[in-house]
Amino acid sequence: MNMPKHLLPTTVVGSYPQPEWLVDRAMLSKSVPRTRMHAMWRLPEEHLEEAQDDATIVAIRDMERAGIDIVTDGEIRRESYSNRFATALEGIDIDNPAIIKSRSGQETPVPRVVGPVSRGRPVELRDMEFLRRNTDRAAKITLPGPFTMSQQAKNEFYEDDEELAMAFAEAVNAEALDLQKAGADVIQLDEPWVRNNPELAKRYAVKAINRALKGITVPTVIHLCFGYAAVVPGSTKPAGYSFLAELADTSAEQISIEAAQPKLDLGVLRDLSGKKIMLGVLDLGNPEIESTEIVADRIRHGLKYVAAERLIPAPDCGMKYMPRQTAFGKLKAMCDAAAIVRKEIS
């Protein structure tokens with residue numbers, strides 16, 4: 001598969017809205033589940049895979065029709081970006097979750113690690129094969145990052161959290177190697193938690209990420225964000241990342257950052273001059289579809305800090321929590337904006 005040759009290739013962070021006939025979106029909107037949430041699916045088990053396949057084709061076609069150059073499967077089969085993979089591993093007790101309390105006192109059920117973590121079987125391999133069969137565009141698939149997974153589980157087995165993160169990294173790596181063989185053109189690791197716990201991340205996140213990407217020869221991405229707009233309001237988002245410069249030391253080719261909603265100061269990108277930047281140019285907290293001109297301005301602003309051959313326009317984050325027609329409209333505005341700016345600079 002050929003990656004797009006033109007400058008400013010557009011992509012998505014990963015997820016696309018799941019149809020209301022497939023999932024109970026009201027239930028979904030209340031949380032980002034860490035354990036399994038079977039009750040979210042509207043179809044009985046025997047019809048679920050076929051329904052997910054059909055909804056995945058709809059998502060792929062929407063992305064293609066909007067003009068996205070590097071598409072995903074929309075993560076339609078996932079209850080959250082991380083739990084599909086994390087709960088499929090050996091060593092995890094998913095039937096008896098632990099409860100973790102956040103700083104705000106919110107209680108979240110999380111997987112308990114009760115034995116050695118390993119990948120007994122492929123988890124997203126069929127997803128990737130299905131995506132590869134159903135698009136001739138460049139195809140990307142996402143995996144939860146090892147640091148984030150270690151922070152979203154209760155460790156009741158390993159000596160310390162670093163050992164747990166490294167075990168997750170080996171599982172992610174085994175999966176990524178299979179996804180690469182299945183035709184993935186880009187593999188992305190979602191690591192939003194490096195920002196939640198930067199002190200811990202500074203100790204071993206880069207080591208875990210590099211272990212997870214070992215032997216991967218296709219372009220790789222690390223995605224950071226401040227949380228879904230539906231769950232984390234823009235007014236509470238910081239204006240900068242507490243763990244960004246450190247990512248220069250990862251083997252990932254690209255770093256994906258949320259910049260539109262938090263109005264990020266792009267001066268921080270100087271620390272990442274060796275990387276390509278997947279720049280968030282769609283504010284997913286804004287229920288309106290931005291005009292092409294507004295998005296084009298965000299891309300132009302990005303070009304003041306990042307050379308055109310290193311800039312990849314994208315939404316801020318996954319689009320899972322948005323209405324479908326809004327998600328489609330925003331993607332189309334972004335692709336049209338990238339085309340306008342491409343003409344200006346070529």
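When the pairs Lys214/Lys275; Lys30/Lys330; Lys237/Lys263 are compared against a 20 Å limit on Cα-Cα distance, Lys30/Lys330 fall above it.
Here, P(r) means the percent of Cα pairs in each 10 Å bin from 0 to the largest distance; for the range 25-345 it is 6, 26, 37, 25, 5, 0. The trypsin sites (Lys or Arg not before Pro) of the range 1-85 that meet both conditions, a loop assignment by DSSP and at most 12 other Cβ atoms within 10 Å of the site Cβ, are Lys5, Lys30. Could you please state, rounded to a whole Å, how far the C-alpha centre of the range 262-321 is from the C-alpha centre of the range 156-173? Rounded to whole Å, the Cα centres lie 33 Å apart. Over the residues of the chain, the helix contribution to mean residue ellipticity at 222 nm works out to -10500 deg cm²/dmol, using -39500 (n - 2.57) for each DSSP H run of at least 4.
Dividing the C-alpha radius of gyration of the range 32-125 by 2.2 N^0.38 Å, with N its residue count, gives 1.29. Applying the Karplus relation 6.51 cos²θ - 1.76 cosθ + 1.60 with θ = phi - 60° to the range 74-90 yields 3J(HN,Hα) values of x, 6, 5, 7, 9, 7, 8, 5, 10, 6, 4, 7, 4, 7, 8, 8, 6 Hz, where x marks Gly and Pro. Percent of C-alpha pairs per 5 Å bin in the range 220-346, short distances first: 2, 11, 23, 23, 21, 13, 6, 1. Computed over the range 1-68, the range of Cα coordinates on each principal axis works out to 43, 25, 18 Å, biggest value leading. Could you give the longest part of the chain that holds none of the GluC sites (Glu not before Pro) found in DSSP loops with at most 10 neighbouring Cβ atoms within 10 Å? With a cap of 10 other Cβ atoms within 10 Å, the longest stretch comes to 1-158.
Close amide H partners of Gln188, meaning residues 5 or more places away or on another chain with modelled amide H under 5 Å apart, are Ile141, Thr142, Leu143, Val221.
Taking the range 103-210, which trypsin sites (Lys or Arg not before Pro) meet the DSSP loop condition and have no more than 15 other C-beta atoms within 10 Å? The qualifying sites are Arg103. Neighbours of Met37, meaning other residues whose beta-carbon lies under 12 angstrom from its beta-carbon, give a summed charge of +3 when Lys and Arg score +1 and Asp and Glu score -1.
No value in this document is a laboratory result; all are computed from the given coordinates. What you see is a predicted model, and the numbers here were worked out from it, not measured in a lab. A quick note on method: Cβ atoms are made from the backbone with ideal geometry, for glycine too, and the neighbour counts reach across all protein chains shown.
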